[in-house]
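Working notes, beginning with the structure itself.
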Amino acid sequence: MSDTTASPTADGVPDFELPNAGAGPDPFSLSAAAAADADTDAVVLLFQRDYHCGNCRKQVQAIGDRYDEFGALNAAVVSILPEPVERASEWQESYDLPFALLADPNTDVSDAYDQPVRFGVLGSLHDLVGRMPVAMVLDTRSDEPVVAYTYEGRMPADRPEIDDLLDEIRTLRGE
């Protein structure tokens, strides 16, 4: 079996399985995470730029510091790093994140979710200059996950505030 699989569900949300260097099962699969716990109302996907991205590192650490707030809303966070599992493991060793930290070395899942890449071919060859951050909230309360919210960064530092992500989950839950 390859390290990466991504296939669309009936509603077009790609299911995937990736190696997990963080908390939770390894490999991590979206369908298993959405079905594993009936109390999970949402999954937050954070598509990172690359291993060296300082803004990415700050984001995962800040969310790690507030992860209990996501848990209180029955939401799981999943960070997807377009790097080999060894690089994702280095982040995990440095930051001890309480959520899944997935390695997407071929960017199959990032591409399946249409993570924007700037600068054409150059950007696709070098994630540091091309790949832009994306955050998504998936509604996992039904049989198939549905995209409830998407935030596409226009610049490397352009990311949603943690409070905005939490508010989107509250809205999804009708709070």
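Below are the figures for this structure:
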| quantity | calculated |
| --- | --- |
| Test result for V109, exposed (fewer than 14 other Cβ atoms within 10 Å of the Cβ), at pLDDT below 90, of a type in the set (V, I, T) and assigned to a helix (DSSP H, G or I) | no |
| So D68, is it assigned to a helix (DSSP H, G or I), within 27 Å of G174 (Cβ to Cβ) and either of a type outside the set (S, T, N, Q) or within 16 Å of the chain's Cα centre (by Cα) (or both) | yes |
| Positions within the range 79-98 being hydrophobic (A, V, I, L, M, F, W, C) and either more than 22 Å from D15 (Cα to Cα) or surrounded by fewer than 24 Cβ atoms within 10 Å (Cβ to Cβ) (or both), in sequence order | V85, W91, L97 |
| Pick from the range 121-153, criterion small (G, A, S) and in a helix (DSSP H, G or I), ranking: modelled with the highest pLDDT | G130 |
| Selected residue [of a type in the set (D, E) and without any contact (Cβ under 8 Å) to a residue 24 or more places away in the chain] from D68, D39 | D68 |
| Complete set of residues in the range 57-112 that are at negative phi and of a type in the set (S, T, Y) | Y67, S79, S89, S94, Y95, S110 |
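The values are calculated or read from the model by the stated rules, or taken from the named source; none is laboratory data. Here the structure is a predicted model, which is why all the values come from computation and not from measurement. FYI the Cβ positions are ideal-geometry reconstructions off the backbone, even for glycines, and counts take in every protein chain you see.
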